[in-house]
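Colleague: Supplied in structure tokens, the structure appears directly below.
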There are 2 protein chains.
Amino acid sequence: MAELIKFESTVSFLLAKVSTAFRNSLERRMGEIGLHGGQIFVLFELWKKDGQRQIDLAKKLDIAAPTINKMIKGLIDVNLVERARYDDDGRSTRIFLTPLGITMRPQIEAQWLELEEYCLSCLNETERMILFNILNKLRSNYTGRPDPEDGE
Amino acid sequence: MAELIKFESTVSFLLAKVSTAFRNSLERRMGEIGLHGGQIFVLFELWKKDGQRQIDLAKKLDIAAPTINKMIKGLIDVNLVERARYDDDGRSTRIFLTPLGITMRPQIEAQWLELEEYCLSCLNETERMILFNILNKLRSNYTGRPDPEDGE
DNA sequence: TAAAGATTATTAGCCTGCTAATCAAAATTA
DNA sequence: TAATTTTGATTAGCAGGCTAATAATCTTTA
């Protein structure tokens, strides 16, 4: 006779729940400043390096080509980025920040820090560090992308 | 002049990345046995108590009414559950497991444990326990729903 | 009883993920 | 050069989240 699992006792169960809850918080917080949850990650990459191709953004964000395409559409709709074609390659488009996309950076970053504080308010400094390290391990395990200090 | 954040250094950043990666793993693993990622949580609640109303399932799973509605549609499509109306309340529908929904339980649970093992393969036993406890705190923080031992 | 309010399910539509399929352009190879 | 393959962007369509709006059924209240 098969053992019946206690789903609530698995880490995956909790991870799924926290994942969904976090995504909702992210969406709500970013909605307060007129953004959607996923868009901030695109902006983050463009702030590091403007004018990247869609395919390169997708690779850095670990998302598929159609996903980045839709995200960029949304960002264009709210006038945060724009597309530009170059003569050197007729296939690709380069994504550039608009002036608004540049000037909104501090506001978006402040909102991000608020989200961070809200999410982690139940954890002390030690727990936060531990969680950070464990999540880093999980991320490497999933994506094969090691800790930040390895560069890209 | 505004301080520029290092996004990668925030826990929220890693949590977002791990969330997405986990959801992808979940979808892939469950796809192997003909299911989708979210459906397992509905089944899990029905295994605990069959014949629940949609609204009650939604509350227990912390999801919105339209979401549970779509999920149940999908489960009906693959013949794992079915709807039934009762005379006592013409508004609500009760969701019941089909024979397949009952007999597939061990297979689904085995797949779940495989996912668990895959996700956590980079963590030792201590780290898993620590992660479990921290995730539990985060979950309470988000949903106001405390640890399992508090009952429902 | 009749009217007003609350509850349940559903539809429409959006964002974030995905895969599969297309199309155009570039690169490679015969 | 010509044919083939690869690459980059896009569209269509699906699942899982959401909110807002409807419709139908209870429940409550006047």
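Colleague: Give the residues of segment A:56-66 that are near DNA strand D (Cβ under 9 Å from one of its atoms) and either touching a residue at least 24 places away in the same chain (Cβ under 8 Å) or exposed (fewer than 14 other Cβ atoms within 10 Å of the Cβ) (or both), sorted by residue number.
Modeller: Of the residues in segment A:56-66, the ones near DNA strand D (Cβ under 9 Å from one of its atoms) are A:56-59, A:64-66.
If the condition is that a residue be near DNA strand D (Cβ under 9 Å from one of its atoms) and either touching a residue at least 24 places away in the same chain (Cβ under 8 Å) or exposed (fewer than 14 other Cβ atoms within 10 Å of the Cβ) (or both), then A:L57, A:A64, A:A65, A:P66 are the ones that fit.
Colleague: I'd like the full set of residues that are under 16 Å from A:A110 (Cβ atoms) and buried (at least 19 other Cβ atoms within 10 Å of the Cβ), limited to segment A:40-55. Before the answer, list the steps.
Modeller: Of all residues in segment A:40-55, those under 16 Å from A:A110 (Cβ atoms) come to A:40, A:43-44, A:47.
Residues satisfying the conditions are A:I40, A:L43, A:F44.
Colleague: Of all residues in segment A:100-112, how many are more than 7 Å from chain B (Cβ to nearest Cβ) and part of a helix (DSSP H, G or I)?
Modeller: Applying the first criterion (more than 7 Å from chain B (Cβ to nearest Cβ)) to segment A:100-112 yields A:100-105, A:107-108, A:110-111.
If we keep only those that are part of a helix (DSSP H, G or I) as well, we get A:100-103, A:105, A:107-108, A:110-111.
The number of residues fulfilling the criteria is 9.
Colleague: Taking A:R53 as the residue in question, decide whether it is within 12 Å of DNA strand D (Cβ to nearest atom), touching a residue at least 12 places away in the same chain (Cβ under 8 Å), out of contact with any Gly (no Cβ under 8 Å at 6 or more places or on another chain) and more than 11 Å from chain B (Cβ to nearest Cβ).
Modeller: Criteria met by A:R53.
Colleague: Do we have any residue at all in segment A:6-19 that's more than 10 Å from chain B (Cβ to nearest Cβ) and either among the polar types (S, T, N, Q) or in contact with a His (Cβ under 9 Å, 6 or more places away or on another chain) (or both)?
Modeller: Filtering segment A:6-19 down to residues more than 10 Å from chain B (Cβ to nearest Cβ) leaves none.
No.
Colleague: Scan (1) surrounded by 15 or more Cβ atoms within 10 Å (Cβ to Cβ); (2) within 17 Å of the chain's Cα centre (by Cα); (3) among the hydrophobic types (A, V, I, L, M, F, W, C) for the single condition B:A110 breaks and write down its number.
Modeller: (1)
Colleague: Within segment A:75-95, track down each residue that is within 11 Å of DNA strand C (Cβ to nearest atom) and basic (K, R).
Modeller: Correct list: A:R85, A:R91.
Colleague: For B:Y142, only one of the following conditions fails: (1) outside any loop (DSSP other than H, G, I, E, B); (2) within 14 Å of DNA strand D (Cβ to nearest atom); (3) modelled with pLDDT of 95 or more; (4) not polar (S, T, N, Q). What is its number?
Modeller: All conditions are met except number (3).
Colleague: Let me ask something else. Which residue, of B:I72, B:I5, B:I68, B:I55, is of a type outside the set (F, W, Y), within 11 Å of DNA strand C (Cβ to nearest atom) and more than 15 Å from the chain's Cα centre (by Cα)?
Modeller: On the way: B:I72 fails: more than 15 Å from the chain's Cα centre (by Cα); B:I5 fails: within 11 Å of DNA strand C (Cβ to nearest atom); B:I68 fails: more than 15 Å from the chain's Cα centre (by Cα).
When all the criteria are applied, what remains is B:I55.
Colleague: Please state which one of B:L57, B:L43, B:L15 is in a helix (DSSP H, G or I) and closer than 30 Å to A:L46 by Cβ. Explain how you work it out, then say what you get.
Modeller: Working: B:L57 fails: closer than 30 Å to A:L46 by Cβ; B:L43 fails: closer than 30 Å to A:L46 by Cβ.
Sole residue among the options that is in a helix (DSSP H, G or I) and closer than 30 Å to A:L46 by Cβ: B:L15.
Colleague: Can you tell me which residue is surrounded by the most Cβ atoms within 10 Å (Cβ to Cβ) among those in segment A:118-128 that are without any contact (Cβ under 8 Å) to a residue 40 or more places away in the chain and not polar (S, T, N, Q)?
Modeller: The first filter runs over segment A:118-128 and keeps only residues without any contact (Cβ under 8 Å) to a residue 40 or more places away in the chain, leaving A:120-128.
With the extra rule that they be not polar (S, T, N, Q), the set shrinks to A:120, A:122-123, A:125, A:127-128.
Working: A:L120: 22, A:C122: 15, A:L123: 17, A:E125: 8, A:E127: 17, A:R128: 16.
Restricting to residues being without any contact (Cβ under 8 Å) to a residue 40 or more places away in the chain and not polar (S, T, N, Q), the top hit is A:L120.
Colleague: Taking the conditions exactly as written (touching a strand residue (DSSP E or B) at 6+ places or on another chain (Cβ under 9 Å), more than 30 Å from B:N133 (Cβ to Cβ), part of a helix (DSSP H, G or I) and without any contact (Cβ under 8 Å) to a residue 12 or more places away in the chain), does A:I72 satisfy them or not?
Modeller: Values: touching a strand residue (DSSP E or B) at 6+ places or on another chain (Cβ under 9 Å): yes; more than 30 Å from B:N133 (Cβ to Cβ): yes; part of a helix (DSSP H, G or I): yes; without any contact (Cβ under 8 Å) to a residue 12 or more places away in the chain: no.
Answer is no for this residue.
Colleague: Something else: Go through B:I72, B:I102, B:I95 for me and flag whichever is β-branched (V, I, T) and within 11 Å of DNA strand D (Cβ to nearest atom). Reasoning before the result, please.
Modeller: Working: B:I102 fails: within 11 Å of DNA strand D (Cβ to nearest atom); B:I95 fails: within 11 Å of DNA strand D (Cβ to nearest atom).
From the options B:I72, B:I102, B:I95, the qualifying one is B:I72.
Colleague: Is it true that B:S140 is free of Cβ contacts under 8 Å to residues at least 60 places away in the same chain and surrounded by 13 or more Cβ atoms within 10 Å (Cβ to Cβ)?
Modeller: Values: free of Cβ contacts under 8 Å to residues at least 60 places away in the same chain: yes; surrounded by 13 or more Cβ atoms within 10 Å (Cβ to Cβ): yes.
Spelling it out, B:S140 is indeed free of Cβ contacts under 8 Å to residues at least 60 places away in the same chain and surrounded by 13 or more Cβ atoms within 10 Å (Cβ to Cβ).
Colleague: Considering A:L131, A:L43, A:L115, which residue is free of Cβ contacts under 8 Å to residues at least 24 places away in the same chain and within 11 Å of chain B (Cβ to nearest Cβ)? Lay out the reasoning, then the answer.
Modeller: Numbers: A:L43 fails: free of Cβ contacts under 8 Å to residues at least 24 places away in the same chain; A:L115 fails: free of Cβ contacts under 8 Å to residues at least 24 places away in the same chain.
Only one candidate qualifies: A:L131.
The values are calculated or read from the model by the stated rules, or taken from the named source; none is laboratory data. What you see is a predicted model, and the numbers here were worked out from it, not measured in a lab. A quick note on method: Cβ atoms are made from the backbone with ideal geometry, for glycine too, and the neighbour counts reach across all protein chains shown.
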